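Working notes for the structure below.
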């Protein structure tokens, strides 16, 4: 590639969406889990993927992170096709999965150093970055604790800190607050929004809880594998004519949704 | 809080050799840490072959001698004969233990951390395989240290060095087999089946415990089974290397099987073609 081509490519990337999902469908056997799903996450934006359990959110997550192969449609991260250029796409991605993925036998610091190695970051630099992200997440004093001894809320916060370790440009969080109490949930949401604001990364936040949506967020409503509505939360409210997001969701999907946990 | 400057973002090209080395180092380091934290695993990995050596082999030593067969230059006692078999047994169990660890990682979700790394999937699986093999080799040398005080050692101290490549290769083969099995096992509970249908048949239908020419005389069909068993060649490769010799046929078989098993594992963990997509394994 010549210098000109490289510069052109860099400019293209700067203009490109953080995440572009285009016409993605997915089947489990004969059952269609995703049906022609398309949406975009802009760089630096906070996008909520809203849907009930079973809507296809986790399947979409698995496709974006290349745990499953995309057989129909395309998924690009900053212009890099996840299927064809997985290395370039995945290195720009920070992920927090719904199930806990830390190694319970290792300490918080050891988990972070391991994650850094999986992104080609050496132990010294990894420890420096780990101390920094843990301090920002208020977890500095937990660095030497075994993950097994941490509460669910702390484990989740460590996972979020870990997702920032390799300095991603796009962060995916799959139902990151599931199973947490009200305070831990509020802490997690505040932590992510604060980090997003300071780091300027794009976020795709999947949830089935309406109260996790802010007015300034972009929202994609996924129902039974289909995108039924997308846009800024305020635009969706205006288009639906509903007084709040919960009413808008009911109107758009015909299904009830939780405001928050336990409601 | 310091924001990240554009220059801190990942560069726009692939990883260099140093980063590949860091990734390998990280995976080996994590495997070693896990192994050290699981003291039960460490102890049982040592006790198993030592029980065979101290009790089983000692009992048979009194009634059984092994005639002169390569690589041995003289008659050897039974405990000397089965030592390479026990070294390979450690690796067999370690390979299967690694597969158990992969099933566990998949069930707990930890496997995702590995699979969403930007390094090529084949490289990650090879690193994982190498990491498991390193742990197995460490176990074998610990066993050899104890066996030395029991009076078992190679003809020359160099044997401890020449056996190292053979241990690595056989460890890779057995780890590769374990990795393929891990992609086929849906749940941790199914691992008991691996014990019954893989580990025990492979170990007993091999040259680990008895020379195959003797088996041939008593039971030709069992001898054929042993010759078809890749574990037999791992045992013989280790046996010859321990006495500073190379059994080229065993080397070829073990190398070939390693390639086949590794390719199978890479295929099984490939999101486009592998088992995971059909079984919903990685993303469950």
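Normalised Debye scattering of the stretch B:19-268 at q = 0.07, 0.09, 0.13 Å⁻¹ gives log10 I(q)/I(0) of -0.23, -0.38, -0.80, counting only Cα atoms as equal scatterers and leaving out solvent.
For the residues B:179, B:87, what sequence is obtained by ranking on other C-beta atoms within 10 Å, fewest first? Display every interim value, and only then the final one.
Values: B:179 25, B:87 30.
With the sparsest Cβ surroundings first, the list reads B:179, B:87.
Between 0 and 90 degrees, the angle of helix B:230-242 with respect to the longest Cα principal axis of chain B falls at about 70 degrees. Counted by neighbouring Cβ atoms within 10 Å, the residues B:240, B:168, A:27 run from fewest to most as A:27, B:168, B:240. Helix B:159-184 and the longest principal axis of the Cα set of chain B meet at an angle near 60°. Helical content alone sets the calculated 222 nm signal of chain B at -22000 deg cm²/dmol, taking -39,500 (n - 2.57) per DSSP H segment of four or more residues and averaging over every residue. A Förster radius of 25 Å, combined with the Cβ-Cβ distance separating residue B:104 from residue B:21, puts the computed FRET efficiency at roughly 0.40.
With viscosity 1.306 mPa s and temperature 10 °C, the Kirkwood radius over alpha carbon pairs of the stretch A:101-167 converts through Stokes-Einstein to a diffusion coefficient of 140 µm²/s. Taken over the alpha carbons of the protein assembly as shown as equal point scatterers, the Debye sum produces base-10 log I(q)/I(0) values at 0.07, 0.10 Å⁻¹ of -0.48, -0.85. Working note: 222 nm ellipticity from helices only, DSSP H runs with n ≥ 4, each -39,500 (n - 2.57), summed and divided by the residues of chain A, gives -11000 deg cm²/dmol to the nearest 500. How many percent of all Cα-Cα pairs in the stretch B:135-234 sit more than 20 Å apart? Tail fraction, whole percent: 54. Simple spin-label estimate for residue A:224 and residue B:54 gives 6.7 nm between the two label positions (7 Å along the Cα-to-Cβ direction from each Cα). Distance between the 7 Å Cα→Cβ label points at residue A:151 and residue A:193: 2.1 nm. Once the cut-off is 33 Å, how many percent of the Cα-Cα pairs in chain A end up in the long-distance tail? Counting every Cα pair in chain A, those more than 33 Å apart make up 21 percent. Using all pairs of distinct alpha-carbon atoms, the Kirkwood hydrodynamic radius of the stretch B:203-256 works out to 11.2 angstrom. Specify the angular offset, from 0 to 90 degrees and rounded to the nearest 10, of the alpha carbon long axis of helix B:39-51 from the longest principal axis of the alpha carbons in chain B. Here the helix axis deviates by roughly 20 degrees.
Within the listed set B:113, B:142, B:232, the residue fluctuating most in the Gaussian network model of chain B (springs between alpha-carbon atoms under 10 angstrom) is B:113.
Each reported figure results from applying straightforward, stated rules to the coordinates on display, with no laboratory input. All values reported here derive from a predicted model rather than from experimental measurement. Note that we place each Cβ from the backbone using ideal geometry, even for glycine, and neighbour counts take in every protein chain shown.
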